[in-house]
Every structure is written in C-alpha cells, then in structure tokens.
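Q: Would you mind keeping the following structure in view while I ask a few things?
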Amino acid sequence: MTAAAIGTEAAATTTRTGKPTGRDIRTALGFLAPSLIGVIAFLLVPVVVVIVLSFVKWDLLTPPSFVGVSNYIDIFRYDAVGHSLLVTAYYVLLNIPAQTVIALGLAVLLNRKLPGTSFVRVLCVLPYLATPVAMAVVWNWFFDPSTGVINTLLGFVGIAGPSWLSSQVWAMPVVAFANIWQYVGYNMLFFLAGLQSIPASMYEAAAIDGASRIKQFFSITLPLLRPTMLFVLVTGVIGSFQVFDTVYVLTNGGPGDATEVMNSLIYKSAFVGFRIGDAAAMSVVLFVVILVVTIVQFGYFRNRTTYEMN
Amino acid sequence: MTATSAPTLAAAPRATADVPHRPTRITPGRVVRLVIFYLLLLIIALVFLTPYLFSLNASFKPLAAILSDHAWTPATSLSLTNFKEVLTSNGFATYLGNTVLITVIITVGQVLFSLMGAYAFARLRFPGRDALFWLYLSMLMVPNVVTMIPLYVLMDGAHLLNTYWALFLPYTLGTPYAVFLMRQYFLTLPSEILEAARLDGCSEARILFRILIPLARPIITTAAIIAFVFSWNNFLWPLIATNSSDLQVVTVGLANLQSNFGTQWNLVLAGSILVLIPLVVLFVIFQKQIVNSISLTGTNR
Amino acid sequence: MTRRPVSMTRRQLLAALGTAAGAVAGSAALGGCSNAAARWGFSGNPDSAKANLTYALWDTYQQEGYQKSIDQFTAKHPDISVTIQQIPYGNYAPKITASFISGNAPDLFWVNTPFLADWIRQGIIADVTDRVRAANIDTSVYVEGLVELHEREGKLYGLPKDWDTICFYYNKSYFQKLGVSAPTEQLEWNPDDGGTFLKFLRTITSDSKGKTADQPGFDPGDIVTYAVGNTNDPQSGYGSYLPMNGGAFIAEPYAARTVLDTAPNRETISFLSQMLVDEHVQIPYGELGPNADGSSALTLFAQGRLALFQAGDWNTSSISELTSNFEVGTFLLPRGPQGGWTVFNGLTDGTSTATEHPEQTWLLAEWLGGADSQRIMGSGGYIWPAIESLDPLYAEHWKKNKVDVSAFLTAAQGKKSLYPVAVGMAEAVSDVQTALAPTFFGTASAATGLAKAQQVADYRISSGA
C-alpha cells in the first residue's frame, strides 16, 4: 500500500474495474435507502419549497402572491444583503484559518499518552457541549466593559479596554473568538481521529531516512490528514457562513449592522418581520455563495492529490 | 535525530502512543520539553475551564449576587437552592425524560443509517454516485432557519406535530453531515482488506458490519457524540414543533426562564450545569474509547 | 445495587444508561396511558363535557398571578378548564404564528402592541366590539388611552388588562450617601443647556473619591456611578423625550410613515446621545447591551453603577428581588419645552379567530378584563390594573414591600404618547434600533441616524400594509 492511495479522492473507487452490475446497484441502493429517504423528505423537499417561496410574498398566514424576482431585488435594495454578505465573508476569514490551525495544533499536542492529556482533551471539547442559553451570561462576564474579566485584567496593566461588543472594530473579532473557543475542540476531535489512523511505521521509516520531525509533519502528517482536512474545512466554511447563535447572543447584529451576518438577517426577516419570501430569497443567495465556495475547495483538494513518500 | 527521541512535540502520534511501554532515558532535553508541554496544557486547560468554573461558582449564588458580583467573587455558601428549585420546578423531570428519549432514538438511527450511506458512497459502485453525493453535500449548505417553515407545514400535513415523531423523525434517517464525515473516513481505509473479503465471498453487509465497523470505531464514536450533542441541545425546532408541556424538551424549559422582564440567571445557570453533566460523563467515557481503539484501527500489526 | 465499587464495562454502562433512559421516559409517560399515546400521535377521546382552553403568555412571574385568577374563574365555570402555555418572549410571535398554521393555536393569548397591527391584518385575533357592547362593559373605567391602543378603525380587539409608563427608579441609599434628596418638583430639560435636569444629574454622578460632577476636582476619567442610563429604545429610552420637545415616532396609529427625521427629534436625540455623554452624566452607551438596547441597565442599577434606572413599571418585581442591599424609590421623568410626557403601553388578550370554543374563550377574556381578576393581579403586585379605580392596590402592595411606585401612576394621569402602532412595526422598531445605534455610540450624528431610521422604518410599515 502506498501513501498516495490513502487519503485521496481517487481512492474513492474500488480497485475493481468494469461497469457496476445490477447486483452492485441493488446493494448500493439498499445501503443508501434510509438516508436517501431522510434527505429527500426532510431536506430536499423543504429546499425546493424554499426556492419556490423566494418568488412569492407571504407572511405565513394570509395567502401568498407571486411576485417574480422582485424579492431578489428588494433584499439588495432594502435589506443591505450586499453588506451582510461582506460581513459574513469577513467573519469566515477571521474564523476559519485560526480555528483550523489551532484545532490541528491541539490535536498534535494532545495526541499522546502522557498523563493529563486526555483530561485536557475533554476540557477542550467542553464548550461544544454547552447549552447555548447559558452562553450569554458567560460572555458578559468576560466582555462587559466595566466589570468584565478582560477589561479588569487590562486595567491591572494600565490599559483601558474598549466596550468590546459595541465597538465597530472589535465586535466581529470578539464574535469570531467566541466561536473559535466554542468549536475548536470539536474540530480537534476530527484531527485526533485522523492522526490515529496514520500507521506508526511511516514515521519510523521516515526517521530512519533522517527526516526531521518538522519535515515528517509536512511530508507525512499533513498529506495523510487530507481527507480529514477537507472535511473540517468544507464543513467549517459551510458552518461559518451560517453562523447565528453566537451573533444572536453576543451582539444581535450590532453595533449598528457591523455583525449583521446573513443568517441573522434571514432570521429577523422570517421571524420578526414574517417576510417569508424575502427570507427565502436571502437563503437562496447564501446557498449559492456557499455552493460556489465549496466547489472551489473541492477543486483545490482534487488538484493536489499526488505525493509520494519514498 | 533518532527514532527513540521521536515522542516529543509535534511528533509522530502513533509512535508516541507507545511511550509508556518503552524504556525511556531521562535527559535534560526531555525534561525541558516535558515542562514546556505541561505549561502548554495548563494554559489550554485554563482557557477552556475558566468559564465553567465561573458558571459553577455562580450557580451557588442568589440572583442578586450573580448580577452584582464579579464572576470570580466566590459564592458565600455552597447553597444548593438553585439546583433544588430547578429540579423541583414544574416539568423539569418530564423535559429531561423527553430529551433523553429523543436523543437516544436520534443517535442510534442517525449513526446507523448514515454509516450505511457513507459506506455506499465510499466503497460501492453505482451510476450517479458523485452527483448524489453532491446532492447530499449541498443540503448542508441550506440555511435551516428557513427550511424549518416548509418542514413545519409538512409535519402538519402528516399530523405529526406535537408528537414525539416530529421531534426525532427529521434527524433519525441519517444526515448529510454524518454521511460526509464517515465517507471521508472510509476513504482512508486500505482497500486491500475489502478486496480480500470480497474474494472470500463476503456479502457487502458482512463486510460493513464485520470488518469496517470495527475498524471505524473512532469515527463512529465521533459521529455518535455529534448526533447526541446536537439532539441534546436542539432548541428552535422542538420549540416550534410542539405545544404541550408534556412534550417539551429541556432546552425549551431552560429558555422559558428567560423573559423580557428579566432572566432568572441563577436558575438558567444551575439548569445548564445539570443538563451539561450527562453530556460530559458520556463524552469522558467515549473519548477514552477513541484513544483506546488505536490498536483496532492499525493495519500494520 | 451492591455497595462495593463496581467497574462497569462500557456495554454494561450503556445498558444501564438505556434502562435509566427508559425509566425516566417511562415514568414521565406514566402520567396516564392516553397521555402517553397522545405523545406518539394516537389521540384518545378527550373529555368532551368540558371546554379545554389554552391561554398563552410569556411572563413566568405574572403566570403565578394569572393562575390564581384563572383558578377562581374555573371554580365559577366548572364546564371550562384552562391550561396556561408559557412561551419565551423571544420566540413568542413565531410560535403563535406557527400554531395558527397547524391549527393548534391558543384560544386566548397575550398581545403586545408591536404585534397587534399585524395580527389584526392577518385575521388571527377577533374583533370583540359587539361582544363588549352586548355584555354592557363600561370601557370608561379603564385608564384613558388603553382602549384606543387596542383599537383599529373603531373596532376593539381586546379588553385592557394592565398598563405601563416610564419613570426613574432611584437608589435611595446612594442618594443618602451623597446627601441629595429626590426632586420634589418635576425637573425640566431643554436642548440648549439641559436645564435643571442636567444640573441635577451632575449632583448624582460621582467618581471614586466621592466627588460629584458639579464639584471642583471631579475626575471624569474615574467615574464610579453615573447618574442616568438612557437607552436606544423607543419605549423605555428616548421615546418619552421625543414628544417633550414637540416630536414623535409616528404621527398617529396606523400611519403609513414615521415622523422620525424632524428638527425637534434631531435636537432631542443630540441632547440624549451627545450632551448627556459630554457632560459625563450618562453611562457610556457601550455599556448598555447590544446596540445600547438597555438589556444590561437593570444589572448596572443593581450593581450601583447607575443612580437612576429609567424604565417601565414592569421591572418592579425584578428590582425588589435584585436590590436587596438598598432601598428604591421612583420619580417622574423631566418635562421638556413641550411639557411632561411618557410612553404609554398596555397588554391585551387576543381572542383567537380559530378557537373551537368562542363563547367560553370570550368568558375568559371578559373575566381577565374585568374587576375581579384585576383585583387579584393588582393586589398581588403583578400589574397595574387597567381599571383605574383598582390602581391603588398595586401601589399598596409595593409600599408594603418598600418600593414607592406612585410616580408611575402620576405619569399615567399626565400626558401620554401611545406606543407606536402600525403594520410591520415589530420589525421597524428593530431596524430603527440598528439605524440609531451609531448615533448613540457617537460614531454618527443624530441627523444621519434619524434619516436612516426613518427611511428603513417607512419602508417596513408601508410595504407591510
């Protein structure tokens, strides 16, 4: 077995050649049936309905009326969807690189059998387990401008900290920080699982060849983590584009519209304004953006699949 | 650099896993590295633990003290009043029971069905596989705030609103996320094993359940934890999909303590800690399993 | 169970957990067989001799009071049973709307003014004008303005139950420490020099050395207690100040546009967002929650960081619970060039147009709008009763609990500006808050903020109608 065979999209196909037989197809269908039914009934059908809804005006209770593409025009004119897309992209850029690097670092650091590591691993994942309703008070303890932990600590060294969450400059980094704190341990789990599937023999062979540990990391660990990396990045980016809870709890989109990410706008349109058509149109726009970004990511990973060990 | 000094920072994980079994020479360099390692662990632990220590501390305080004290001011007594009030409050036991029931159903179903789907995508051949996979993947990209509305209407049409079915059905038949997660993992497993099994005449079901599942335990555990945590903390859908308090889940119960006339943070915090405990216990058990299953995942022994 | 320590295998543990889960779920389900079946969608035969009504509300504290009131109601009407359904306020409107789609709507439910116009237009709350007439209910007993608040085009959509006005709660202990007494006459402000209001606020802003803002040596960089925390909120915040200077949020209920961007409003908002901040008497708006919405103001008052808490009377119960270490009094907001005003609001109960029991639902609505129920609610200190003659009950309850709330009643008897009502208002209010936030945070002028606020609010309420 070569390293190239592991962790590439090419490995997706079995090594048998030839056309799949009828029996192959029946088997596959049997395996797929439950999840396929679930996906169609609870995701695809609702999504198709949402696409239809994006062309109507509807408040949930009075009869809907068809309005063509005017929702798509209105949301850019009156809901500042363009601005919100930029805000969302800014959030993704703040969030994803830092989160991925820290998660990978934590996984490498904690993937060893020294006393204490598994305890710290649990601690890292704690925030992910937490019930969202309690987070509001927790963040207030940290970021409150007068009594919060951060500004109190800054005060000890003579710095007057800002009002973090009402500052145009700081609000978004704080939201990103809170989200990284909450999900970095969760992403670490995937890297841990990935690291554990790398055979030790590869490192031993490389060490005998005289490769330094840093070189080993880049020539063995990273390439072999590629499927994990693809998963963490793709789902991380998709999730970041849909960030909502943290924003809702911390800033509710403020100050002004500085943290008004797409999902926050969609939520307000749908459940404060009951403008279902507008909310549906915004969802479609966001969906298209995420789809394009995801295709680009897959393309990137597919184009970089060959690397040999020896 | 020799092979024996590999078990240090940023080094080969599989090799380090063997450390306790190997005679180690204590060198000054190793001691320094250990000290740095534990300092790092301490910092990480503080970053992640402090908010929970604050929460735990505050959960012993009366509401007025929570709001007027600093977070780090210790509670004056270990009064369990808040916990008692939450536990004896109307319906908390019912809510918890509902959450447990729904979560167990969702976890079992989601893991099993997603596993089957993931296997098909990773290891079986059928026409349109890549297109279908992209369909699954694209379903992840849809903002669920809005799809909840058609889902609600759909559930209403099926007369399932305000029943347990509405709570678990949408998440039990497998999710694109879990399928994607496990597919990625199956891709990393060497195909030689499967080929050998196929040549021996094993059915695909037998290959999946007898060979792949034991190999894939870390990822199955991960998927199970994700399903469990998702269902345990799910809020908006259970709130919308059920009316009667008999069917409410614990997150909705906690949210009821927040009103526009001031939130009872003492109860919210105590309740959140109570709700967190089962998750932490389960996670502690299973995360050890992830580590211990290393020996099962290796193919080179 | 044995008492020796057992080391469980994972399998045993899972089995145990499964059993426990089953036991919890099972015991929860054992409330009754038909009950458990219903949770799985198999409905039995409900007790058809009784009308089972659902009453939806969001406040847990008032829920106690309404339960007492409803217990009396069901004692009088043994053929009716009532279940209270509590829904968190943040999800109240979506939840009510969803329940109408599925036909599970509560028979009677709280309606706050921002939801009213939309729900009338959508036809989910019933016009009760004829019923009120048929039952000979004298609507003149209600505090003036409340009936108008729940009306559209001469039709009434619910009986008044309570009301609220905006005043200052103040920290009596802090005032005593400074040797300041609460103003005996209503203070006065104007946009030019702030008037006696600003002068008074200076005397109750203090730094860490105990110097107040009107004294030499006061250090504005080291303020411990600010006088006041006005907020970016059209009800508890700037809303009452607009009419004091001749401005308004909306000219009349159901108007198609707001009147936010006017010269008097620009003066008022400048006074609140700039002058008070420049004079160091207003707490930095950044401390008042997301977009300075005031969500943290009560906490800041309880912490002693604010001398005055500018708020509606619905905070009284929370305040009495939170401020156990000092006594609390109340006094009126200042009057402006155009006199003294307060934003005035109240809740009503909407009768569902989808109810299967319209007669019984009306009986409940009539009960809750009537004197018997409001006497229970008022004397328990839950609400100011909408029936004016019962209002002393509420004041007496809180006097016994050492909070003097009389200022709210005085405000209710003065000039009142109704909470803005229009179709689409719930979202318009949220958008106005977003648009005005930079003004209150000092990064935009009052003129810019108000122009933007009016533009977005006008679009919401005109396109919604």
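Q: Checking residue B:60 against (1) within 17 Å of residue B:265 (Cα to Cα); (2) at pLDDT 90 or above; (3) out of contact with any helix residue (DSSP H, G or I) (no Cβ under 8 Å at 6 or more places or on another chain): exactly one of these is not met. Which one?
A: Residue B:60 satisfies all of (1) within 17 Å of residue B:265 (Cα to Cα); (2) at pLDDT 90 or above; (3) out of contact with any helix residue (DSSP H, G or I) (no Cβ under 8 Å at 6 or more places or on another chain) except (3).
Let's see how each residue does on (1) assigned to a loop (DSSP other than H, G, I, E, B); (2) closer than 26 Å to residue C:345 by Cβ; (3) in contact with a Lys or Arg (Cβ under 6 Å, 6 or more places away or on another chain):
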residue: C:190; (1), (2), (3): yes, no, no
residue: C:193; (1), (2), (3): yes, no, no
residue: C:209; (1), (2), (3): yes, no, no
residue: C:221; (1), (2), (3): no, no, no
residue: C:224; (1), (2), (3): no, no, no
residue: C:235; (1), (2), (3): yes, yes, no
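Q: Among the residues of the stretch B:206-224, are any of a type in the set (D, E, K, R) and in contact with a Cys (Cβ under 8 Å, 6 or more places away or on another chain)?
A: Yes, that holds for at least one residue.
Q: Okay, next question. Taking the stretch A:245-257 only, how many residues are surrounded by fewer than 24 Cβ atoms within 10 Å (Cβ to Cβ) and either among the small types (Gly, Ala, Ser) or under 20 Å from residue A:77 (Cα atoms) (or both)?
A: 1
Q: Hey, another quick one. For the stretch C:432-457, enumerate the residues that are part of a helix (DSSP H, G or I) and surrounded by fewer than 19 Cβ atoms within 10 Å (Cβ to Cβ).
A: Once the filter is applied, which keeps residues that are part of a helix (DSSP H, G or I) and surrounded by fewer than 19 Cβ atoms within 10 Å (Cβ to Cβ), the stretch C:432-457 yields C:447, C:448, C:451, C:455.
Q: Next question, about the same structure. Residue C:170 is checked against (1) assigned to a strand (DSSP E or B); (2) exposed (fewer than 14 other Cβ atoms within 10 Å of the Cβ) and fails just one. What number does that condition carry?
A: With (1) assigned to a strand (DSSP E or B); (2) exposed (fewer than 14 other Cβ atoms within 10 Å of the Cβ) applied to residue C:170, the lone miss is (2).
Q: I've got another one for you. Among A:33, A:28, which is the only one that is aliphatic (A, V, I, L, M), assigned to a helix (DSSP H, G or I) and more than 20 Å from residue B:171 (Cβ to Cβ)? Before the answer, list the steps.
A: Details: A:33 fails: more than 20 Å from residue B:171 (Cβ to Cβ).
Just a single option satisfies the conditions, and that option is A:28.
Rundown of residues vs (1) in contact (Cβ under 8 Å) with a residue 60 or more places away in the chain; (2) of a type in the set (D, E, K, R), yes/no style:
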position: C:302; (1), (2): no, no
position: C:305; (1), (2): yes, yes
position: C:310; (1), (2): yes, no
position: C:315; (1), (2): yes, no
position: C:331; (1), (2): yes, no
position: C:334; (1), (2): yes, no
position: C:344; (1), (2): yes, no
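Q: Filter the stretch C:226-251 down to the residues that are more than 19 Å from the chain's Cα centre (by Cα) and not hydrophobic (A, V, I, L, M, F, W, C) and list them by number.
A: Passing the criteria: C:226, C:243, C:245, C:246, C:247.
Q: Which members of the stretch C:336-355 meet the condition of being farther than 23 Å from residue C:115 by Cβ and crowded, with 21+ Cβ neighbours inside 10 Å?
A: C:336, C:341
Q: So, of the residues in the stretch B:153-184 that are within 15 Å of residue B:213 (Cα to Cα) and at the interface with chain A (Cβ under 7 Å from one of its Cβ atoms), which turns out to be modelled with the highest pLDDT?
A: Ranking the candidates gives B:179 first.
Q: Among (1) within 16 Å of residue B:49 (Cα to Cα); (2) within 14 Å of chain C (Cβ to nearest Cβ); (3) surrounded by fewer than 19 Cβ atoms within 10 Å (Cβ to Cβ), there is one condition residue A:119 misses while meeting the rest; what is its number?
A: Only one criterion is unmet by residue A:119, namely (2).
Q: Of the residues that sit in the stretch B:75-96 and are buried (at least 22 other Cβ atoms within 10 Å of the Cβ) and not aliphatic (A, V, I, L, M), which one is nearest to the other protein chains (Cβ to nearest Cβ)?
A: Among them, the one singled out is B:94.
Q: How many residues are surrounded by 20 or more Cβ atoms within 10 Å (Cβ to Cβ), within 19 Å of residue C:287 (Cα to Cα) and at the interface with chain B (Cβ under 10 Å from one of its Cβ atoms) when one looks only at the stretch C:304-314?
A: The number of residues fulfilling the criteria is 1.
Q: Which ranges mark the helices (runs of 4 or more DSSP H) fully within the stretch A:148-209 that have 2 or more residues being without any contact (Cβ under 8 Å) to a residue 12 or more places away in the chain and crowded, with 19+ Cβ neighbours inside 10 Å?
A: Once the helices (runs of 4 or more DSSP H) in the stretch A:148-209 are filtered for at least 2 residues that are without any contact (Cβ under 8 Å) to a residue 12 or more places away in the chain and crowded, with 19+ Cβ neighbours inside 10 Å, what remains is A:200-208.
Q: Given A:67, A:49, A:92, which one is of a type in the set (A, V, I, L, M, F, W, C) and without any contact (Cβ under 8 Å) to a residue 12 or more places away in the chain?
A: A:49
Q: May I pose another question? How do the pairs read when you match residues in the stretch B:272-287 that are facing chain A (nearest Cβ under 7 Å) and under 21 Å from residue A:135 (Cβ atoms) with residues anywhere that are in a helix (DSSP H, G or I) and of a type in the set (S, T, N, Q), using Cβ under 6 Å and keeping only pairs 6 or more apart or on different chains?
A: As it stands, the answer is none, since no pair meets every condition given.
Q: Just to be sure I understand, how many residues within the stretch A:81-98 are away from chain B (no Cβ under 14 Å) and crowded, with 17+ Cβ neighbours inside 10 Å?
A: Here the count works out to 5.
Q: I'm told residue B:14 meets every condition in (1) in a helix (DSSP H, G or I); (2) at pLDDT 85 or above except one. Can you identify the failing condition by its number?
A: (2)
Q: Say whether the condition of being in contact (Cβ under 8 Å) with a residue 12 or more places away in the chain, crowded, with 22+ Cβ neighbours inside 10 Å and assigned to a helix (DSSP H, G or I) is met by at least one residue in the stretch A:296-310.
A: First, the residues of the stretch A:296-310 that are in contact (Cβ under 8 Å) with a residue 12 or more places away in the chain: A:297-298, A:301-302, A:305-309.
Filter again for crowded, with 22+ Cβ neighbours inside 10 Å, leaving none.
No, there is no match, as no residue in the stretch A:296-310 is in contact (Cβ under 8 Å) with a residue 12 or more places away in the chain, crowded, with 22+ Cβ neighbours inside 10 Å and assigned to a helix (DSSP H, G or I).
Q: Filter the stretch A:232-243 down to the residues that are facing another protein chain (nearest Cβ under 7 Å) and either surrounded by fewer than 21 Cβ atoms within 10 Å (Cβ to Cβ) or not in a helix (DSSP H, G or I) (or both) and list them by number.
A: Correct list: A:235, A:242.
Yes/no matrix, rows are residues, columns are (1) within 8 Å of another protein chain (Cβ to nearest Cβ); (2) under 25 Å from the mean Cα position of the chain (by Cα):
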| residue | (1), (2) |
| --- | --- |
| A:184 | no, yes |
| A:193 | yes, yes |
| A:198 | yes, yes |
| A:208 | yes, no |
| A:213 | yes, no |
| A:216 | yes, no |
| A:222 | no, yes |
| A:226 | no, yes |
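Q: I've got another one for you. Provide a single number: the residues in the stretch A:210-222 that are of a type outside the set (Val, Ile, Thr) and surrounded by 15 or more Cβ atoms within 10 Å (Cβ to Cβ).
A: 5
Q: Let me ask something else. Among the residues of the stretch B:113-133, which ones are surrounded by fewer than 16 Cβ atoms within 10 Å (Cβ to Cβ) and at the interface with another protein chain (Cβ under 9 Å from one of its Cβ atoms)? Break it down stepwise before answering.
A: Looking only at the stretch B:113-133, we keep the residues that are surrounded by fewer than 16 Cβ atoms within 10 Å (Cβ to Cβ), and these are B:127-128, B:130-131.
Within the stretch B:113-133, B:127, B:130 meet the criteria.
Q: To continue, here is another question. Can you give me the number of residues within the stretch B:139-152 that are in contact with a Phe, Trp or Tyr (Cβ under 8 Å, 6 or more places away or on another chain) and within 7 Å of chain A (Cβ to nearest Cβ)?
A: 6
Q: If residue C:460 passes every condition in (1) under 22 Å from the mean Cα position of the chain (by Cα); (2) buried (at least 22 other Cβ atoms within 10 Å of the Cβ) but one, which one does it miss?
A: (1)
Q: With respect to residue A:66, is the statement that it is more than 23 Å from residue A:252 (Cα to Cα) and out of contact with any helix residue (DSSP H, G or I) (no Cβ under 9 Å at 6 or more places or on another chain) true?
A: It is true that residue A:66 is more than 23 Å from residue A:252 (Cα to Cα) and out of contact with any helix residue (DSSP H, G or I) (no Cβ under 9 Å at 6 or more places or on another chain).
Q: Regarding residue B:268, is this residue surrounded by 18 or more Cβ atoms within 10 Å (Cβ to Cβ), under 18 Å from residue A:235 (Cα atoms) and either facing chain A (nearest Cβ under 7 Å) or without any contact (Cβ under 8 Å) to a residue 40 or more places away in the chain (or both)? Working first, answer last.
A: Values: surrounded by 18 or more Cβ atoms within 10 Å (Cβ to Cβ): yes; under 18 Å from residue A:235 (Cα atoms): no; either facing chain A (nearest Cβ under 7 Å) or without any contact (Cβ under 8 Å) to a residue 40 or more places away in the chain (or both): yes.
Answer is no for this residue.
The values are calculated or read from the model by the stated rules, or taken from the named source; none is laboratory data. As the structure is a prediction and not an experimental result, all values here were calculated from the model. So basically every Cβ, Gly included, is an ideal-geometry build from the backbone, and we count neighbours across all protein chains shown.
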